[in-house]
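The values are calculated or read from the model by the stated rules, or taken from the named source; none is laboratory data. Values in this document were obtained by computation on a predicted structure and should not be read as measured data. Cβ placement follows ideal geometry from the backbone for every residue including glycine, while neighbour counts extend to all protein chains displayed. Keep in mind that these areas ignore ligands, DNA and RNA; they rest on the heavy atoms of the full protein, side chains included. Shrake-Rupley method; radii C 1.70, N 1.55, O 1.52, S 1.80 Å.
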Amino acid sequence: LPSLYRSYVQFMIGTWMLLPPSLYELIFGTKIVVTGDQLERKESSLIIANHRTRLDWMFLWSVTGRARVSALLKIILRGDLKHIPGFGWSMQFGSFFFLSRKWANDEKYMTEKISFLANSDDNYKLLVFPEGTDFEPKTKAKSDKYAEKEGWPYLEYLLHPRSTGFMHCVKEYRKGKLDSIYDITMAYPKTLPHRGEMDLISGRFPEEIHTNIKRYDAADVPRDNDIALEGWLRDRWYEKEKLLKTFYEKGEFPVSDSQKRPYFSDSANSFRWPIFLIWNAALFLILYLLIISPATRSYFLFANVTLFLLSSTGLLEDLDRRCEK
């Protein structure tokens, strides 16, 4: 029964995660450009990425959707996002991570959740933003000040990564199954959705989203040495800085000759129209039933109150992990 529940939830959440890309690609014309190494579905992986905007995690769904790994993706996010009606509740069903940003509270929480992923039969992918917050003037100034104090190089396009959470993820994942670490660099050459969720409401989406992916075998990442592991993470950020400098000078990420081919086949785009039509048809059906049916309105109210209470008490998150226990 727990495995059946998990399969059902993975399918529904994976399908739901294809809806936003369908909307902003088809309705707002956002162009997705991906270069670099392939995301492998059959690997248990950690994904690290720079955090240029508050919505990077959602824009990456265009990549994971085409790579057919949406149902296996888990993301580390701010704790307050979990209580957003509908959106946040869905992410709780999907076993996303929601942090308080207080390590004393988050350490045990992360350990338990990562242990579940790393020891699962499924090849989950955990997305981490080591910078800890999105790039904006206030956070950039704070990052620069700390880097100057520590004697680190100046970064123009990035915040310096915070190593504590990343190192904890690597160590805990290695207690189970960790095949690879993917380093994703994101860039927005035109419109930048700097207002986060408000941009969703106003329909302000980027015209282009560029991502470059580099795969590292987990066996080649430092083990049992915190200083070396932290240094490995910082080296990745110094490489990102060079990548982004090249990108904003030339308008594209540098790629090798072997990578000068379409990253995804044409069939990888086939999910957009079916997902768009199915979800919107379902939405209109629900709205229609809410208008004409008192029973539907009563059920809708009951369901939302129940989900609100479950979310507020912490019972909604990680239902699959509780079922397994």
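Per residue, segment 112-221 exposes 45 Å² of accessible surface when a 1.4 Å probe is rolled over the protein heavy atoms with every protein chain present. Taking a straight line from the alpha carbon of Lys42, these aspartates and glutamates sit under 18 Å away, with near neighbours fewer than eight places off in the same chain left out: Asp121, Asp122, Asp179, Asp183, Asp217. The packing ranking, built from the mean of other Cβ atoms within 10 Å per residue, places the peptides 244-252, 295-303, 39-47 in the order 39-47, 244-252, 295-303, highest first.
Annotation: amide H-H contacts under 5 Å for Lys31 (H modelled 1.01 Å from N, sequence separation of 5 or more, or interchain): Glu208, Ile209.
Across segment 229-239, rounded Karplus estimates of 3J(HN,Hα) from the backbone phi angles (6.51 cos²θ - 1.76 cosθ + 1.60, θ = phi - 60°) give 5, 5, x, 4, 5, 5, 4, 5, 6, 5, 5 Hz, Gly and Pro being marked x. How many percent of the accessible area of segment 1-157 is carbon or sulfur, using a 1.4 Å probe? Using a 1.4 Å probe with all protein chains present, segment 1-157 comes out at 56 percent carbon and sulfur.
Taking only the Cα atoms of the chain, the ratio Rg/Rh comes out at 0.96, with Rh defined as the Kirkwood radius.
The residues neighbouring Arg101, those whose beta-carbon lies less than 11 Å from its own, together hold a net charge of +1 under the Lys/Arg +1, Asp/Glu -1 convention. Rounded to the nearest 20, the Cβ-based charge dipole of segment 75-230 about its Cα centre (Lys and Arg +1, Asp and Glu -1) stands at 360 debye. Keeping all protein chains in the complex and leaving out DNA, RNA and ligands, what accessible area do you get for His51 with a 1.4 Å probe, in Å² to the nearest 10? Near enough 20 Å² of accessible area.
Straight-line reach from Lys31: taking Cα to Cα under 26 Å and skipping same-chain neighbours fewer than 8 places apart, the lysines in range are Lys74, Lys125, Lys190, Lys214, Lys240, Lys242, Lys245, Lys250, Lys260. When all protein chains stay in place and ligands, DNA and RNA are ignored, the 1.4 Å accessible-area order of Phe96, Phe28, Phe284, largest first, is Phe284, Phe28, Phe96. The charge dipole of the chain, taken about the Cα centre with unit charges on the Cβ atoms of Lys, Arg (+1) and Asp, Glu (-1), comes to about 460 debye, rounded to the nearest 20.
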